[in-house]
1. First obtain the Kirkwood hydrodynamic radius of region 1-157 from its Cα pairs, then insert it into the Stokes-Einstein equation at 4 °C and 1.567 mPa s, and state the resulting D in µm² per second as a whole number.
2. In whole Hz, with x marking every Gly and Pro, tabulate ³J(HN,Hα) for region 42-50 from phi via Karplus 6.51 cos²θ - 1.76 cosθ + 1.60, θ = phi - 60°.
3. HN-Hα J couplings of region 77-87 from phi, Karplus 6.51/-1.76/1.60, θ = phi - 60°, integer Hz, Gly and Pro as x?
4. Order these by the 10 Å Cβ neighbour count, fewest first: Ser11, Ser185.
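Just so you know, all these numbers are worked out from the coordinates, no wet-lab data involved. Computed from a predicted structure; not experimentally measured. When we count neighbours, we look across all protein chains shown, and the Cβ atoms used for this are built from the backbone with ideal geometry, even at glycine.
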Amino acid sequence: MIIAIDGPAASGKGTLGKRLAAHFGLRHLDTGLLYRAVAKALLDAGHRLDDVAQAVGVARALDPARFDETALKRQEVGEAASIVSALPDVRAALVTFQRDFGRSPPGAVLDGRDIGTVIFPDADVKIFVDAAPEVRARRRASEFDGRVDEVNVLADILRRDPRVHAAARDNIALQYAIEHGLRRSLATLSERRGVPLAHGRRCPEEAS
Ligand code: DC
């Protein structure tokens, strides 16, 4: 089973993904960490961020089990990741990586910005997580333990995300608390696919 979770940065898709993966005994991949890991490897080795050959080599050898999430979540790594993620050859290597990861048994929960649209348009379940810009800014700021100012983060989110900017202006931004999102996701899964809600039980397709 493949569960694809899309949504903007700091919307809570990672937290929801981890919870769903734990619930169903699936593996979880925060796909943004792949781009971050490639960027960090280039930075650490002193390579240029547009060194395509080096970047593709790193991308093909990634092992998510060895990721240091705290280090990868740093702001400077995120900025480097956005440069690396613009390289078509790196994207191609990481698209392959994500598809291989998702298709290996017993399946996976993958979250990232284009999972349900580009990577797994045929995922068994697709979830879009969103949150008000203020909620996302607070969450992102708390990840940095007060080292960044929430107001600046909010300004950055509004500047970089025209879709959310428009949504905020029209006051139609969806506000999902994680618990609410998890409950809704599980209820929808249960309803649509006959997946049991209780812990420790298997979904029908895994049991066969
Ligand atoms: O979501 P994030 O901030 O951890 O993502 C880091 C970078 O990777 C960001 O610039 C967007 C890019 N990315 C992507 O292109 N496709 C994904 N599925 C996930 C992230």
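1. Calculated translational D: 81 µm²/s.
2. Those phi angles translate into 5, 4, 4, 8, x, 8, 5, 6, 9 Hz.
3. So the Karplus estimates, Gly and Pro as x, are 6, x, 5, 5, 5, 5, 6, 4, 6, 8, 7 Hz.
4. On the way: Ser11 28, Ser185 21.
Ranked by crowding around the Cβ, least crowded first: Ser185, Ser11.
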